[in-house]
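As structure tokens, the structure follows; a few thoughts come after it.
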Amino acid sequence: MRLSRRSEYGLRALVELTRHRADGPVPLAVIAERNRLPAKFLEQILAQLKHAGIVRTVLGAHGGYVIAVEPSEISLGRVIRLLDGALAPLGCVSLRYYEPCSCPDEATCGLRDVMIDVRDAILAILEHETVADLAARRGRDSIDPRELHADALAGLRP
């Protein structure tokens with residue numbers, strides 16, 4: 001599973017708006033510059049978020065974007081679904097965007113069974129975590145802070 005650039009940029013913009021909420025509207029160019037995002041693409045993403053009522057625009061000399069919903073009420077899953085559609089790794093395990101898969105029998109497909117578990121694990125995190133939670137996080141220096149994947153980092157497994 002890999003987060004699309006559309007969802008990544010959308011979430012980064014929402015974090016920016018959440019962290020600078022008290023400062024008033026944030027111009028598109030400022031969001032793009034602070035987060036090193038392409039302004040034209042970000043404009044399209046913010047238009048989608050505006051259409052969904054998650055952000056709103058303020059016109060005028062000191063205008064820009066503001067978050068329109070309490071950040072603690074916006075799950076990461078909601079934003080990703082809005083910007084990208086299904087969260088499930090395969091169409092045949094998607095709860096909202098089901099598509100039949102290529103296997104001969106879904107009921108006995110081991111891959112589908114594992115992907116249902118993957119879907120449920122992803123949903124448990126993305127539906128629990130909110131934009132407010134994300135904005136409160138400060139990040140980590142290490143890509144493997146719990147030291148669970150030393151063999152992969154050493155090139156000993158794919």
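The values are calculated or read from the model by the stated rules, or taken from the named source; none is laboratory data. What you see is a predicted model; the values in this text were computed from it and never measured. As a convention, Cβ positions derive from the backbone with ideal geometry for all residues, glycine included, and neighbour counts pool all protein chains shown. Remember, those area values only see protein heavy atoms, side chains included, never the ligands or the DNA or RNA. Shrake-Rupley method; radii C 1.70, N 1.55, O 1.52, S 1.80 Å.
Annotation: peptides 80-91, 51-62, ranked by per-residue average of other Cβ atoms within 10 Å with the highest first, follow the order 80-91, 51-62. Placing one equal scatterer on every Cα of the chain and applying the Debye formula, the log10 ratio I(q)/I(0) at q = 0.15 Å⁻¹ is -0.91.
Dipole orientation for the stretch 1-132: of the candidates Leu90, Pro71, Ala121, Pro71 has the Cα lying most toward the positive pole (charges on Cβ; Lys, Arg +1; Asp, Glu -1).
Among the cysteines of the chain, all have a neighbouring cysteine Cβ under 4.7 Å.
Where Lys and Arg each count +1 and Asp and Glu each count -1, what net charge lies around Leu46 among other residues with Cβ under 12 Å from its Cβ? That sum, taken over residues with Cβ under 12 Å, equals +3.
I'd like to check one number: the per residue accessible area of the chain, probe 1.4 Å, reported in Å² as a whole number.
On the way: 10090 Å² over 158 residues.
On a per-residue basis, 64 Å².
Nonpolar atom fraction for the stretch 47-137, defined as the carbon and sulfur part of the 1.4 Å probe accessible area, stands at 56 percent.
Probe radius 1.4 Å, ligands and nucleic acids left out: which of Arg5, Arg138, Arg157, Arg112 has the largest accessible area, and how do the rest follow? Mind dumping the intermediate values first?
On the way: Arg5 140, Arg138 185, Arg157 95, Arg112 55 Å².
These residues rank, largest area first, as Arg138, Arg5, Arg157, Arg112.
If only the Cβ of Lys and Arg carry +1 and only the Cβ of Asp and Glu carry -1, the dipole of the chain around its Cα centre is close to 660 debye. Each residue of the stretch 151-157 was assigned a 3J(HN,Hα) from its phi angle through the Karplus expression (A = 6.51, B = -1.76, C = 1.60, θ = phi - 60°), giving 5, 5, 5, 7, x, 8, 8 Hz with x at Gly and Pro.
Distance from the alpha carbon centroid of the stretch 43-108 to that of the stretch 1-27 works out to 13 angstrom.
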